[in-house]
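Here's the structure we're looking at; comments come further down.
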Amino acid sequence: MNSSAPAPAIGSQFNAGDIAWTLASTALVWLMIPGIGYFYSGMARSKNALSLIMLSCCSIAVVSVQWFLFGYSLAFSKTGGKLIGNFDNAFFRNVLDAPSVGNPKIPDLVFMIFQCMFAALTPALAIGAAAERGRIVPTLVFIFLWTTFVYDFIACWTWSGNGWSAVMGGLDFAGGTPVHISSGAAALAYALVLGKRSGDQRDFRPHSMSNVVIGTCFIWFGWFGFNGGSALSANLRAAMACVVTNLAASTAGLTWVMLDYRHDRKLSVLGFCSGAVAGLVAITPASGFVGPPASVAIGFLGAVACNLAVRLKHYLKYDDAFDVFAVHGVGGVVGNILTGVFAQSKIAALDGVTVIPGGWLDGHWIQVGYQLADSTAGMTWSFCITYLILIIMNKIPGLNLRADAEHEHSGLDIAELGETCYGHMDSKGVVDTSVEVGEANSGTQSVESLTEVKSAP
């Protein structure tokens, strides 16, 4: 008779609550990505709205495949170097039930899929700068290459245990540098390489504020998983991250509205949405290190800095279609620096594990220097590598980045997708694609009708 005890179930050593919270946060971050698509589509002219939603969703697909092939291994292999990982975990080899590099209480498999959503979201942010003039297929190729040569490197040095910034002592709870600074710098490079959109700048008005608001709601809702989930544990630190995230976004949204009101004497819905996103960006690196009072200051200062950066764009004369650099690049840098000011060891210790010297509030004066070094490195790496990728792609036949003038005029939805957001097909197979171009002549919008006849199925 065999009296030996049965072997423990695979994964039984992990905390089920931590796993559940991290998986729920994974779903929340996933929801942010189509939210970005709706946010961008509302800010674009309607003839390009569907292509922006599609590109955001395709970012999930492209990066998920890249993450499986080698992306996760390059960013988070446990034996990686200070700058980049290796191929130990390519094809998700040995990514199952070992303790993860983020939290030993959750397995590698859970940590991997959570981080996959961050990797998929980041290029979806960056490609907003190319809206209404960037071809779709080259954009998908760019997403794959950019994730490999930019995102994976910065994620490795920021969050991997061997990364130089992590070893130095840089603090980045949920992606100030890997997500926001990197996407903002990439957006600036993309805008410079592509050049300005053709047409009268007064025409470039949001065609659907309802889409902008819906997108903002998805983004704000998902950000609870983005920041709160980065605790990788269902604990008090995760709860505090959710609290400060909501407070910073609320403060920033109201601040932006007041700043715009000074100029226009209108309470702008677009201003509130832009401000809320700026506050979410600024609080991201600090969300696991600061308390509620600091989050109010971060939200306010983040909104002021990003609002000024948006206005500066008009003087510098580059066409970042949706102000990705101004909101995510500038907001990420501001958030990183303020993390060095307001980080407190007692907030980080709410998870019962993390020990940090804190920032200026704790008398750790060098922390802002660490944050500046990390921010500068991330901005420089992303801008330079992105610019190089785009220049090389533009010289390869078939991968030229910009749509031709005819397609840009008719809109990428019809030109490259053959479908529109608002068209409908009648029983005879006629597609009516009446679109509002949004020409801002004397405060009115004109309507341009395009009709395409397709054969009935």
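If you check VAL213 against the conditions, is it touching a helix residue (DSSP H, G or I) at 6+ places or on another chain (Cβ under 7 Å) and open to solvent by 20 Å² or more (accessible area, probe 1.4 Å)? Write out each step before concluding.
On the way: touching a helix residue (DSSP H, G or I) at 6+ places or on another chain (Cβ under 7 Å): yes; open to solvent by 20 Å² or more (accessible area, probe 1.4 Å): yes.
Against the criterion (touching a helix residue (DSSP H, G or I) at 6+ places or on another chain (Cβ under 7 Å) and open to solvent by 20 Å² or more (accessible area, probe 1.4 Å)), VAL213 qualifies.
What are the residues in segment 240-286 that are in a loop (DSSP other than H, G, I, E, B) and either touching a Pro at 6+ places or on another chain (Cβ under 9 Å) or more than 30 Å from SER165 (Cβ to Cβ) (or both), if any? I'd like the intermediate steps shown before the answer.
Quick first cut of segment 240-286, residues in a loop (DSSP other than H, G, I, E, B) only: 265-268, 284-286.
Scanning segment 240-286 gives ARG265, LYS266, LEU267, SER268.
Could you tell me which residue of segment 28-79 is nearest to ALA90 (Cα to Cα), considering only residues that are over 19 Å from the mean Cα position of the chain (by Cα) and of a type in the set (S, T, N, Q)?
SER73
Name the residues in segment 137-165 that are modelled with pLDDT of 95 or more and open to solvent by 10 Å² or more (accessible area, probe 1.4 Å), would you?
Across segment 137-165, the qualifying residues are VAL137, LEU140, VAL141, PHE144, LEU145, THR148, PHE149, PHE153, THR158, TRP159, TRP164.
State which residue is nearest to SER345 (Cα to Cα) when the search covers only segment 237-254 and only residues that are surrounded by 24 or more Cβ atoms within 10 Å (Cβ to Cβ) and of a type in the set (Val, Ile, Thr).
That would be VAL244.
State all residues of segment 29-39 that are of a type outside the set (A, V, I, L, M, F, W, C) and open to solvent by 10 Å² or more (accessible area, probe 1.4 Å); if no residue qualifies, say none.
Restricting attention to segment 29-39, the residues satisfying the condition of being of a type outside the set (A, V, I, L, M, F, W, C) are 34-35, 37-38.
Within segment 29-39, PRO34, TYR38 qualify.
Do we have SER25 as open to solvent by less than 10 Å² (accessible area, probe 1.4 Å), touching a Phe, Trp or Tyr at 6+ places or on another chain (Cβ under 8 Å), polar (S, T, N, Q) and touching a residue at least 12 places away in the same chain (Cβ under 8 Å) here? Reasoning before the result, please.
Numbers: open to solvent by less than 10 Å² (accessible area, probe 1.4 Å): yes; touching a Phe, Trp or Tyr at 6+ places or on another chain (Cβ under 8 Å): yes; polar (S, T, N, Q): yes; touching a residue at least 12 places away in the same chain (Cβ under 8 Å): yes.
Answer is yes for this residue.
So SER51 passes all but one of these: (1) under 30 Å from ARG205 (Cβ atoms); (2) open to solvent by 60 Å² or more (accessible area, probe 1.4 Å); (3) among the small types (Gly, Ala, Ser). Which condition number does it fail?
It fails just one condition, (2).
Does GLY398 satisfy the condition of being open to solvent by less than 40 Å² (accessible area, probe 1.4 Å) and either small (Gly, Ala, Ser) or within 29 Å of ALA286 (Cα to Cα) (or both)? Lay out the reasoning, then the answer.
Numbers: open to solvent by less than 40 Å² (accessible area, probe 1.4 Å): no; either small (Gly, Ala, Ser) or within 29 Å of ALA286 (Cα to Cα) (or both): yes.
No.
Would you mind stating whether ILE392 is open to solvent by 40 Å² or more (accessible area, probe 1.4 Å) and under 19 Å from PHE153 (Cβ atoms)?
Details: open to solvent by 40 Å² or more (accessible area, probe 1.4 Å): yes; under 19 Å from PHE153 (Cβ atoms): yes.
When the stated conditions are applied, ILE392 passes them.
Just one of (1) open to solvent by 40 Å² or more (accessible area, probe 1.4 Å); (2) farther than 25 Å from THR122 by Cβ trips up ILE337, so point out which.
With (1) open to solvent by 40 Å² or more (accessible area, probe 1.4 Å); (2) farther than 25 Å from THR122 by Cβ applied to ILE337, the lone miss is (2).
If I ask for residues that are modelled with pLDDT of 95 or more, of a type in the set (D, E, K, R) and in contact with a Ser or Thr (Cβ under 7 Å, 6 or more places away or on another chain), which ones from segment 91-136 would you list?
Once the filter is applied, which keeps residues that are modelled with pLDDT of 95 or more, of a type in the set (D, E, K, R) and in contact with a Ser or Thr (Cβ under 7 Å, 6 or more places away or on another chain), segment 91-136 yields only ASP108.
Here's the yes/no breakdown for (1) within 22 Å of ASN227 (Cβ to Cβ); (2) outside any loop (DSSP other than H, G, I, E, B); (3) small (Gly, Ala, Ser):
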site: VAL310; (1), (2), (3): no, yes, no
site: ASP319; (1), (2), (3): no, no, no
site: GLY332; (1), (2), (3): yes, yes, yes
site: ASN336; (1), (2), (3): yes, yes, no
site: ILE356; (1), (2), (3): yes, no, no
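The values are calculated or read from the model by the stated rules, or taken from the named source; none is laboratory data. Keep in mind it's a predicted model, so treat the numbers as computed, not measured. Glycine also receives a Cβ, built like all others from the backbone with ideal geometry; neighbour counts cover every protein chain displayed. Accessible surface is based on the protein model in full, side chains and every heavy atom, while ligands, DNA and RNA are left aside. Shrake-Rupley method; radii C 1.70, N 1.55, O 1.52, S 1.80 Å.
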